[in-house]
Every structure is written in C-alpha cells, then in structure tokens.
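Below: one structure, written as structure tokens.
The values are calculated or read from the model by the stated rules, or taken from the named source; none is laboratory data. Here the structure is a predicted model, which means the values were calculated and not measured. Note that each Cβ is placed from the backbone with ideal geometry, even for glycine, and that neighbours are counted across all protein chains shown. Just the protein is used for accessible areas: all its heavy atoms, side chains included, with ligands, DNA and RNA removed. Shrake-Rupley method; radii C 1.70, N 1.55, O 1.52, S 1.80 Å.
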Amino acid sequence: MEIRQSHSANCDDLDKLLEKMQQRRGDSVVTPFDGDLNECVSVQEAAAMIPTQNLDLDNETFQIYQPQLTVARKLLSQVCAIADSGSQSLDLGHFSKVDFIIIVPRSEVLVQQTLQRIRQSGVLVDLGLEENGTAYQRAEKYVVRLDNEIQTKFEVFMRRVKQNPYTLFVLVHDNSHVELTSVISGSLSLGEPSHGLADRVINCREVLEAFNLLVLQVSSFPYTLQTQQSRISSSNEVHWIQLDSMEDMSCEEKLYFGLNEYSKSLQWGITSPLLRCDETFEKMVNTLLERYPRLHSMVVRCYLLIQQYSEALMALTTMASLRDHSTPETLSIMDDLISSPGKTKSGRGHMLIIRVPSVQLAMLAKERLQEVRDKLGLQYRFEIILGNPASELSVATHFVARLKTWRGNEPEEWIPRTYQDLEGLPCIVILTGKDPLGESFPRSLKYCDLRLIDSSYLTRTALEQEVGLACCYVSKEVIRGPAVALDLSGKEQERATVSENDSDELLIDLERPQSNSSAVTGTSGSIMENGVSSSSTADKSQKQSLTPSFQSPANSVGLDEGVSAGMAGAGETLKQECDSLGAHMASSTTSKPSSSSSSSGPRALLWPGQPIQGCRGLHTALPPIVILSKAAYSLLGSQRGGKLPSSSSLLPHADVAWVSSLRPFLHKDMSSEEQSLYYRQWTSARQHHADYNNQPDSTSGTRTCHPRRLLLTGPPQVGKTGSYLQFLRILFRMLIRLLEVDVYDEGEINTDHCESSEVSQSEGEPWPDIESFSKMPFDVSVHDPKYSLMSLVYTEKLAGVKQEAIKESKVEEPRKRETVSMMLTKYAAYNTFHHCEQCHQYMDFTATSQMSDSTLHAFTFSSSMLGEEVQLYFIIPKSKESHFVFSKQGKHLESMRLPLVSDKNLNAVKSPIFTPSSGRHEHGLLNLFHAMEGISHLHLLVVKEYEMPLYRKYWPNHIMLVLPGMFNNAGVGKAAPRTGEGLKDKPSSIPQA
C-alpha cells in the first residue's frame, strides 16, 4: 500500500535517529520516577527503585451510595408491581431464596471487573449462596461471558432453575445493547462468533416459560431495546434517578459527570475545555486522504496518530527539533504523561486511552510505540498496554511490583486484572474492539484520545458509548465554587459574560480574540496544561502544506508554535497562585522562552479551594479530557441553550431503522422515559435484530412482552452494577420477610410476686399428679405483659402493686409492645398477600367459574338465648356444594355432609372448621391450605352482614356463614356461641382469624 511505503520510509528515518539516541545513552534508562527526563540510571537501579507507599483506601472499599439504593428500591418496587398485576406471572410468596447469574459481553476485563464487584459487595454470603470462606473462589460460576462456551454453562444454570422451584432466579444481562443479533442471521453470517448468542440465551423458550426466573437487562444505551418490536414492556423499564437541583446531591460526596455535562462544558468559556477537537490533526488527515483517496480513513488516521505520538516522545526527550512534527495537543498529552511520575517519590502518574477499534491496527500501534519507548529508555517510566477484550491485561513485572507497593497488602501472586487495578500507573492503554464493552477506568485516567472515531460511527449508541469511556464521578468540592458554570440543574442555560472580579466563577478569555480555527472548535487557540499554545500553529497551518509529517525530519519544514509562559486568574487573592502555576508551566520540557506576559494570556479554568500543585494538582479532581475527531465534535459539541446534543438526532443504533422520515425531533426537555416512548413509536428492528420476529398478533394487533423481563437504564459508569447487586440483596430480604411473622417478644412481669412452691415431682412419676396439684399455691399476680392493665386480684401483698400499676397507667402513654420476627413454618396459615401455584385454586375461582356462580341459602333455627328464631345465610360456591345436602324439590339447604368418624380416609379433616372474622378481610389468616398440608377440609368463614361483600371479594372460593344484622355491632366473641348454638348437633372447630 502507498501509505505503508510512505510510512515505512519515514519510519526508517525515525529508526535511524532512535538508534543514534540509543547508542548515545548506552545501557542506561531514564529514571523511573522522582527525577527529570534527563536523569539516567542503570537498568538494575531502575528495577530496584521502590516508590513510597500510597494507599488509596477509597479505591478498595465497596460502597452503595444513595442513588444506587434508590434505583435498587425502584427495581424491587417494579418486581412487586409485576407480582400484584393480576397476570399471575410472578408469585413472590412462593420463593424463599434468591439466586442469580450475570451474562456479560466478550471482555475478559469486564468479567474480572464484575467478579470484583461481586466479591467486594459480599452479596453471595448475604444471599446465603456461599459460605464466607469459599465465596471468593466460587464467585466465578455466577458470571458468564457471551462466548462459545456459554451454551454449556447456561444449560447448567437452567437445570438449577428447574430443580429449585422455590428459588427465585435473576438472570442479569449486563450491557445488553452490545450484541443483539438474531440466532438465524447469526448462523448465516461469517462475522463475529458471538453473533446470535445473546438471542439464543435470553429469548429461548426455557427462559420465557420459567415461572421462577426474572430477566434483568442492563444498558447505558438501551435504544436498540426500545423499538416497536421490543420484548420489554415500557412499564417494566427502570430509569436512573435525575438530580433536579444542586440541593438533591448535597448529601453525596461525589457528583456524576456524564455525556450532557461534557457537552455543556463547552459553554464554560474556559481555555482548557474538557471536550476538544485537534484541528491541526484533522487538516493533516484531510491532506493525506486527498493524496491517497483509495485508503480507508481509519487506516490513515491510525498511521498518522502512531507517528504523532512517536515523534512527540522523541521531541520531549532528546530531539527538540521534532516538536514541529506533532500537534500541540499530542505534545501536551505526552509531556504530561511522561513528566508526572518524575515529580513525586511515589511515581504515580496518569492514564491515557487511545481508542483504536481495529485489533490489527491496535497491535501495530502498541508494537511501534513500545519500540520507540524502549529505544528512548522510557520502559521504566510508563507502561503501554493493549486493551484487547479477548485477552487478559499484560503488565510488565516491575510495574506490577510498583502497583503492589501502592496497594499495600496484596498477596505475592497478585496481578492487575481490571483497568481500575491500574490506579496511579503512568500508562498508555490502546483500547481495541468494535465497541467499548462497559469496562470501568481508574480515577488516574486523564486523557481519552478518540481521534480515530470518525464519521463511520454516526449512530447515537456508537458515538455516545465512546465518550462514555470518560464518564465518572468527581468530588463535590470541584463544583463548590463554579456551580453556576456546571449548570447541572438546568435552571440557567447560558452565561454570556462572567464577572472578571468574581473569583468564585469560571473565567473567560476576554482580552484576546480566538483564531479562526478556535472559533470552530474552541480548542485550537487554547493554552494547554503544559503551556503550549497552538494559535500561531493553526494560523500558519492554513497556508502551509501539512505533508511534512510524513517526510524525513531532517529536511521537513517545522510547524511554528507559540508558547505562553503563564496563566492569570481574576482577583488579587488568586494572582499569586496563578503566577506560581504559570511558572511551573514555563519550566515544562515543552515550553520555550516567551515574550507574552501572564496578564495578557487567556484566562484559565481554576477551581476555587483547589490547592495549586502544578498541572497534576489542578486536574486530579476534574473529569478526563476527551479529544474527538471533527465529525464527532460537531455532533457532541453543538449543544446550545440547554438543548440535547445533536448526537441525539442520529439513528439510535445500527440494528434499528426509522419508521418514517416524517417524525418529530427529540426536544431538550425529554426525560429518559419520554425518549424511550419516542423510540418505541418511531423505530423498528431490522431483519437481523433479535427482536425482529416479535411481530404483532394478526388478530389482536398486540406484540408479546415478556412479563418477567425488566430493563435498567442509566448513564455510563453511573453505578448500575452496584445498584442491581443491592437489588438482589433487598429482594432476598423481602422474600424472607414474606415468610416471617411478628410475635410478641416480652418477658414476664411481676416476677417478684410469684409464690414459691416447695412441691416437686420425681421424674418417673406420671403427670399430672392430683396430689401435687392440691399442694401448689394459687398465684394471683399477672405475669403476661398482655394483661398488665387488667384488674388484679386484691390481696394485702399486692395492694401496693395495684395502686402503683393504676398510677402508671394514667401517667405513661401506651408503649409499643416489643416484637420479634419468626420464620413461618410450611404449615402456616396465610392472608390474601400469599400466592402460590399450590393454593391458587384454594383461594380463587377456577378459569371456568365466576363469582356469580355462588348461591345464597337461608338456614333458620330457634335460639334459646335470644328467645326467637334466627336466620343465618350461607354463601356457597358451586365447587363446595358437595359438602351440603339440599332438598329434592328445590335448592333449600337442609344439612351439612360430613365424613363418618369410622371412615379410615387419612386425606380428609372430618370436622368442619368455622373461623369468625371481622375487619380482617385482607390480613386475616384464612388461607389454611398449607396448614392442613393440602388435604381435604371444610372451611367456613363466619362474618357480619355488612362485611360480607368485602370478604366475598377477597375470599371468593370460601364458604361464608353470614350472621344476622343484629350482630353487626357485636364483637367477634359473640359469633362463636351463636354459630355453635345454631349448629350444636354438628361437630366443629371454631378458631378466630
């Protein structure tokens, strides 16, 4: 290829220079940390250098923050809503245990990251799934990635689902937007081997039919799941909470900084924006594409970017003349990366992510940058890591030793397995793969280079998930001063001017106009962190050819660069601090002497209350800086007046299509719930999408939604994993609570007044012994707290106690009686809130019967107590008429049919059960199915006349014995003797509900 030949020729020249530098340096290397780039030591000394220990406890502890807890409760509430919906698709009362499995995309780092979350959260022990000692090792069986081995592992999981009907299983499909190709199209394609695997697992018949399996799909970019053919009901979506005002997050230590905040940051008017576009690099790319029109832009961009970083490394170490070959943005990044470890004895530094989607190009980039680094003697200064989803992290031994020193007490065999394990390590991570897969990055991440993400990524999901790499939480102190500029509340859309004397607000460059290119991007005319300015570069780059980047460094024409010596803040109180910051920048290895004064330079972002300790000190609390291609910047950076970024108007995902071109646009006030409804109305799944086959029913016109499937959506890196792990925990607690009942937990009272008895009985004697009873004294004191306010039996000994009790009862307010939760046995009686397949027919009607099928029968008898005839009414469901005898002429109730005492049938209770109940139509323990162990029995509810409709509504399959209206104001106690009198010739048991 032409570009390879040109690149190869240029590389040969660079390699010759590198060889000369390596020979000049000899066997020595640049000091790993706590030293300047000009200081060299032997390889043995570099390997033996030990940094100071710098424990970062905040990175080690697992915490659930209030927003995560709130979302977990929303998930639980939605599960309860499914159970209470009447569709009988979920019966929470049936389960006593919670189990789960988490399915993640094909990323080894993401698997290890999820395992870390599970281990740190302790959820396996809390759910009773594993013992404390074995939970760490056995956590691996709960996380499965979508690869060729998933079918075997998933079959094992489904066997557990079928074998444990009393366990509620939760299948969590994390980052569910990543791979949603249908099984049919996946089997026909010759692409990724993972195509169709998610569809085969999530949408298989066993998952759809398992009554004890919940499916929770989790996504930061759920647009591909929100189409006209979606299998998830819109009512089953749970959205991350929105912070409507600054007061809402006043109790939180950290603030989420996401996509909208990055887009809004361009309105701050600062000279070092968080979202940038390298105009100089874009012009170089355009020139090369004009020269090589047949080449793919990704290849051109990648080769150019590799050379940019290679030459920047050389320029910052030994060849200052090569500075003109790299853009100021690239120089700034590399200068910060390689100089920060030398400023402290701990050797901690920053992380740079270079996003290279092509695996082959990423491997090429790693090899080339590693070669340049090693020849420059920087192999102990910073690490270069290939972030390939298909493989584990590979970090040099000396850097692993440094990480272990910082962490403190790691075992000897510890190695970093996630990107967060690289906290503080100065490194370049070349992140490859078609899409980012939800991996989290450490707080030491400072730069995200997305210059290779160009116009080929023009869907909302593809573009936003790339910028989502940089989303994170920042300290609340960061916005303590410039809260107005952050404008997270949405109350103030724009600030045209900012007071120059207000030190608590952000500062805008009002003294020097931006160059033409900076007016477009807001970056090219800016002061970078190390003091490099590209204003003159951008001006001259419009007139000069941009090809020297691919020419020999010896005869190429350099790009002129201007340098500013410092930055100034507003207000006298900050002037000294800003001057010290400017002095630090002026001493940077990239800086040259400059004639510009600190007062004439543009204003810079300065957070109030932040100590000035050089560039690194300024940016530790700030979100990472994102460098975009021009195409991506024009979409994400075009937010104006509080509107959504232009990226929101893009096609939401490559697997969906617009239903019509005549559709309304998303407007600025749309919440995530409203955006979901918008996409469900205006997008449809393409033929290769997993939901494409979910077409509407030909007769009803409705589509099938999985009743036990939920969707959790939230911004990238907001804490969704911790939230659904917390959901599993509180779901288990709720199930246990459904199986518990509160009983009074009170000790005896008046223990001092117990009459002591000298009577004792031998162990072998039969009990009770009448003679022993006759010798026992009568205890007149009350010992049960339930009867503490009842009248005491008068004796001289208890007279004082009686008076004291009466006095206390008048003074003290009624205190709440202490209770304790006890687990219900499998023989417990239940109220209306219990549902399960076994007692479903006991409580409700069958599918073929209705409430109107019950018949009303009168039963008259003479009451000796009332001296008159009393008429009782029986409401008997059709299914229970076999227990009664009716007259042949009509439906007059004559008697009750009971089993004979001599009957040897053990599967029937021979005595009818009468349960008087009043005011407890919901909470009365009237479901005796489990208490009777499922055997046949006759259960009659004795209710008052005015409460009959309520009891009939909640217990439609029960026989009702309705008392006459004269007992409406009577207590429940009167129902038992009246019922017993009317049915005195019938054997019965009469408990109270």
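Legend: calculated FRET efficiency, residue 831 to residue 654, from the Cβ-Cβ distance at R0 = 56 Å, rounded to 0.05, equals 0.65. Residue 266 exposes around 40 Å² of accessible area when a 1.4 Å probe is run over every protein chain in place. Between residue 241 and residue 936, the simple label model (points 7 Å from Cα in the Cβ direction) yields a spacing of 5.5 nm. What percentage of the solvent-accessible surface of the stretch 254-392, computed with a 1.4 Å probe over protein heavy atoms, is contributed by carbon and sulfur atoms? On the stretch 254-392, the fraction of accessible area on carbon and sulfur atoms equals 51 percent. Rounded to 0.05, the FRET efficiency of the residue 70 and residue 903 pair, given R0 = 56 Å and the Cβ-Cβ distance, is 0.45. With a Förster radius of 41 Å applied to the beta-carbon distance between residue 321 and residue 149, the computed FRET efficiency rounds to 0.15. For residue 940, the residues whose amide H sits under 5 Å from its own are 913, 914, 915, ignoring neighbours fewer than 5 places away on the same chain, with H placed 1.01 Å from N.
Normalised Debye scattering of the stretch 325-483 at q = 0.10, 0.12, 0.15, 0.20 Å⁻¹ gives log10 I(q)/I(0) of -0.39, -0.57, -0.89, -1.47, counting only Cα atoms as equal scatterers and leaving out solvent.
For the stretch 370-438, just run the numbers: alpha carbon Rg, then divide by 2.2 N^0.38 Å, N being how many residues it has. Display every interim value, and only then the final one.
Numbers: Rg = 12.9 Å, N = 69, 2.2 N^0.38 = 11.0 Å.
Compared with the compact-globule rule of thumb, the stretch 370-438 sits at 1.17.
Of the residues 404, 254, ranked by 1.4 Å probe accessible area with the largest first, the sequence reads 254, 404.
A cut-off of 5 Å between modelled amide H atoms, ignoring neighbours fewer than 5 places along the same chain, links residue 384 with 428.
The magnitude of the dipole of the stretch 337-491, with charges of +1 and -1 set on the Cβ of Lys/Arg and Asp/Glu and taken from the Cα centre, is near 580 debye. Each peptide in 109-120, 332-343 was scored by the mean count of other Cβ atoms within 10 Å over its residues; highest first, the order is 332-343, 109-120.
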